[in-house]
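Here is the structure we will look at.
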Amino acid sequence: MTMTRAGIGALFGLVATVAIALPPALTDQTDTLENHLGPAFYGEVRGGFRVSSAGSAIYEIPIAVPPGTAGMTPSLSLLYNSNLENGLLGLGWFLRGTTSKVTRCGKTFVQDGTVHRVNYTTTDRFCLDGQRLVLASGTYGGNGAEYRKEIDDFSRIRSYGTAGTGPAYFVEETKGGHINTYGNTGDSRIEAQGRSEAAHWMLNRVEDRFGNYYTLSYYENNVTGTYYPTRIDYTGHAGQSLHTGI
């Protein structure tokens with residue numbers, strides 16, 4: 001069979017195209033395409049492992065979100081803690097960045113000279129993310145009362161208003177200049193299961209000193225005691241509406 005010059009040119013073009021499309025050469029039978037391409041072949045999860053001060057195994061996977069105004073962007077991640085039971089996302093897993101809250105806590109001998117469990121009355125004490133709130137001025141649980149954390153990080157926390165046997169909401173002013181509001185919406189003030197008294201005051205608003213802020217919304221089922229975050233809206237500014245939501 002005689003091949004014309006045009007046919008030979010087409011054949012060389014086809015060979016060149018196939019060569020370009022082939023993956024990197026494999027040097028031996030034990031070599032794999034994964035070895036050559038690495039994460040580009042199979043993808044990767046940019047998580048990190050650590051051990052907490054309590055000895056828990058912690059694994060955290062950051063969640064990328066669009067940037068907010070002046071750095072006011074929710075910091076979200078999937079977090080596993082080996083010492084936790086069922087979380088929002090399964091055994092030991094929860095969504096970090098939406099779990100900050102003020103809760104009722106019992107009296108302790110060190111702080112109160114007596115030991116008493118939570119009974120949903122005005123004698124209960126309060127904790128912010130597990131840290132006892134220590135009264136600095138005013139009446140404990142009263143309107144305008146000021147607190148410090150048991151391990152002081154120079155934040156100032158105040159309780160405002162009345163809702164049943166507890167405050168209506170709390171406001172924390174951090175050393176870094178953020179203003180965190182807890183429980184100042186109906187959905188973020190979580191009642192105890194089967195009761196009308198609030199058990200948790202969830203973080204519902206984070207604002208910086210320049211008026212940039214974001215808000216968090218929640219779902220609650222008082223019968224089952226279930227609650228979880230449903231939405232975060234951000235890129236807000238004082239006097240302006242929110243534009244981005246996740």
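Structure notes:
- Seen from Phe170, the other residues with C-beta closer than 15 Å to its C-beta sum to a net charge of +4, counting Lys and Arg as +1 and Asp and Glu as -1.
- Within a straight-line Cα-Cα reach of under 21 Å, Lys175 can be paired with the following lysines, leaving aside sequence neighbours fewer than 8 residues apart in one chain: Lys101, Lys149.
- Whole-Hz Karplus values for segment 78-86 come out as 8, 10, 10, 10, 5, 9, 9, 8, 4 Hz, taken residue by residue from phi with 6.51 cos²θ - 1.76 cosθ + 1.60 and θ = phi - 60°; glycine and proline positions read x.
- Local net charge near Phe154, Cβ-Cβ under 14 Å (Lys/Arg +1, Asp/Glu -1): -2
- Cβ-defined net charge surrounding Gln111, 9 Å radius [Lys, Arg +1; Asp, Glu -1]: +1
- Anisotropy class of segment 186-246 from Cα gyration tensor, a/c 1.5 cut: prolate
Bear in mind that the values in this text are calculations on the coordinates, not laboratory data. On a predicted model such as this, the values are computed, not experimentally measured, just so you know. Virtual Cβ from ideal backbone geometry, glycine too; neighbours counted across all protein chains shown.
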